[in-house]
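**Q** Have a look at this one before I ask anything.
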Amino acid sequence: MPDVAATIRADARNRLIKRVVLDTSIAAAVVIGMGVMRGVYSNELMLFNFVVFLALAQGLNIIYGFTGYLPFGYVGFYGAGAYGFSLVVMHLHAPALVGMAAAAAAALVLAVILLPLLRLSGAYFAIASMAAAQAVYEIIANPGLEDITKGPYGVSLSDVFAPAFSYYTALAILGATLLLVVWLRNSRFGMSLQAIRDDSVSAAMSGVSVVRGRTIAWLLSALVAGLVGGVFAWHISVFYPDTAFDLSVSIFSTVFLLFGGATTLCGPLLGVFILYGIYNVIGIAVPQYFQFTYGALIVLLVLFLPNGLVSLLTNRGIRVP
Amino acid sequence: MLTGAIIAGIVFGLYYTLVGLGLNLVFGVMRIVNLAHGDFLMLGGIAAWWLFSSFGLHPLVSAALVIVVFVLVGLPIYYLVVPRLLRSRDSEMLSLILFFGLSQMIEAVTTIGLGATERSLPPRLLGVGPMVLLGTRLPKAWIFSAVASAVAVLLVYLYLYRTRLGTLTRAVMVSRDEALATGIDVNFVSAVAFGISIALAGVAGVFAPFILGSITPNMGVAINITAFAVIVVGTLGNPLGTLLGGIIYGVSLMLMQTYLSSWANLLPNLLLIAVLLIRPEGIFGRKVRRA
């Protein structure tokens, strides 16, 4: 009998290893692909935006896909990161990597301040987080703070401008985020998060620490957005608070995530490549056509495919990495 | 200055009650959040502007037209979207995303059709010169808008408490399932409530140029946060609590603008977060916090 048990365990382990290897190679392929593209394709800004949204959609996946909380104000962390980076670079003349650390710290501090929001459920959480992001924007863009944040007039960071270095830093952040999602999908912690999402009472009864799990996921998700915001500030180097706190950053990330399918690794990737790809082909000239298509897509998705593109496969019992 | 701020706050509060009322009615009856509420308000404002600049119609006439048209627009939207939405696993959450999509569509179509410019109506339409109210001089247009809002709120009250359909609506608010079991045509009652809600947003839009200054296609999101703040303060799902929420909101907004004007835009956001965290059930209580 012990042999059977051992075989089953070894079997499970083999399957887990296969899954992790598959997931990791997808992540690696995306990162390497985006790295190679920079040498091949000349529109660097567009590629950079792809990397930004790939990372943001996965960052949102960490909190929405694994815990069910949908922060409409996700852009707040992105903006906090962008300004964390800018303030340190502008006032302390710090090197860019120190700025990145400040970006991470700013997002984490904001996330800790907003921790009480996790006590709210569903729609209340979504709206409250949106209000929080707006509040941070109002503070940073306030003309009264012009000496510190440059208020609504925007910041300029030409000292640290480094398109190549910042692009590869963004790629590194994307890689780390993808690995984080791979880990969540295949680890005990990720499983416990999904258990909390599906039924927090039962999960708590089985000894899962609900508060701890949600807090960690929230902080990780904020950290990703903060780092992406920081690297955005670094790469773009001239921007306004309207850009850093643009609600469409939240919207785009949410739509990409929902379109592809949350809780998976491929879903958000597909969402970004397909939708943001289309956006770059048709959307730039008249953004409103795209805004309309987006709106319609959201409505149809919620009504007919609430679990995203990957649910076409997962509903048939096929595992999607 | 203090009394002035408070009186102006009450005038504004009546208007904000109108802004939030429709949103709260839909939430109370259907347990969904219509995030396109602010965009219907914007459409009401555009309609008033168009009716005035093309036909010279007085805003009051426009308001009556808007009510009829918006109710008729609201009914099909309800039947197309809401019954299917309510069957889903987490309709409250999904409604937020769905109506957000609708809001984006409305904003895009309006921008494509009319451009992103600001539109306004001459305030003299609603009376010339200021009016003195307890020693405070307020533009007549403000008073007029506030009175119109108060009338609309009163009509909703009469509908809910003095008509048969209103009684049925309140029954659905208490429990959708039990109302269904009693034989109430829940879908029809909800559809009418939805139509009324859209019409209320439209009427609020007609007066928006006088109170808020102008109408732009992308004003919806900000209005939504305001409306949500108003109804959360006043108690979600309780249409009459909205009146209290509106007045609290209006008065605090005016106090902020009087004493701390550059930070006034922070107010709806902070008020919303604070109320959600400290007393999420609003002033008249109803539990919303589960997690």
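The values are calculated or read from the model by the stated rules, or taken from the named source; none is laboratory data. These numbers come from a predicted model, not from an experiment. Counting neighbours? That spans all protein chains shown, and the Cβs are built from the backbone with ideal geometry, glycine included.
**Q** Please go through (1) under 27 Å from A:Val211 (Cβ atoms); (2) small (Gly, Ala, Ser); (3) surrounded by fewer than 24 Cβ atoms within 10 Å (Cβ to Cβ); (4) at pLDDT below 90 for A:Ala176 and return the number of the only condition it doesn't satisfy.
**A** (4)
**Q** Among the residues of region A:214-224, is there at least one that is modelled with pLDDT of 85 or more and at positive phi?
**A** no
**Q** Name the one entry in A:Ser311, A:Ser248 that is surrounded by fewer than 21 Cβ atoms within 10 Å (Cβ to Cβ), of a type outside the set (Lys, Arg), within 14 Å of chain B (Cβ to nearest Cβ) and farther than 22 Å from B:Ala108 by Cα.
**A** A:Ser311
**Q** Also: Please indicate, with yes or no, whether at least one residue in region B:84-104 is farther than 26 Å from B:Lys140 by Cα, more than 9 Å from every other protein chain (Cβ to nearest Cβ), surrounded by fewer than 22 Cβ atoms within 10 Å (Cβ to Cβ) and of a type in the set (S, T, N, Q).
**A** Checked against the condition, which is being farther than 26 Å from B:Lys140 by Cα, more than 9 Å from every other protein chain (Cβ to nearest Cβ), surrounded by fewer than 22 Cβ atoms within 10 Å (Cβ to Cβ) and of a type in the set (S, T, N, Q), region B:84-104 yields at least one hit.
**Q** Report yes if A:Ala55 is surrounded by fewer than 24 Cβ atoms within 10 Å (Cβ to Cβ) and modelled with pLDDT of 90 or more, otherwise no.
**A** In short, no.
**Q** Determine whether region B:229-238 contains at least one residue that is surrounded by fewer than 21 Cβ atoms within 10 Å (Cβ to Cβ) and without any contact (Cβ under 8 Å) to a residue 60 or more places away in the chain.
**A** no
**Q** Among helices (runs of 4 or more DSSP H) lying entirely in region B:154-221, which contain 3 or more residues that are among the aromatic types (Phe, Trp, Tyr) and under 30 Å from B:Leu126 (Cβ atoms)?
**A** Per the criteria, B:186-211.
**Q** All but one of (1) within 14 Å of chain A (Cβ to nearest Cβ); (2) buried (at least 20 other Cβ atoms within 10 Å of the Cβ) hold for B:Leu121; which doesn't?
**A** (1)
**Q** Taking the stated definitions as given, is A:Ile127 within 24 Å of B:Val221 (Cβ to Cβ) and either at the interface with another protein chain (Cβ under 9 Å from one of its Cβ atoms) or crowded, with 22+ Cβ neighbours inside 10 Å (or both)?
**A** Taking the combined requirement at face value, the residue satisfies it.
**Q** I've got another one for you. Return the residues of region A:167-178 that are touching a helix residue (DSSP H, G or I) at 6+ places or on another chain (Cβ under 6 Å) and either among the aliphatic types (A, V, I, L, M) or outside any helix (DSSP H, G or I) (or both); say none if nothing qualifies.
**A** A:Ala170, A:Leu171, A:Ile173, A:Leu174, A:Leu178
Yes/no per residue for (1) modelled with pLDDT of 95 or more; (2) more than 25 Å from A:Tyr276 (Cα to Cα):
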| site | (1), (2) |
| --- | --- |
| A:Leu47 | no, no |
| A:Tyr78 | yes, no |
| A:Val89 | no, yes |
| A:Leu114 | no, yes |
| A:Ala141 | no, yes |
| A:Thr149 | no, yes |
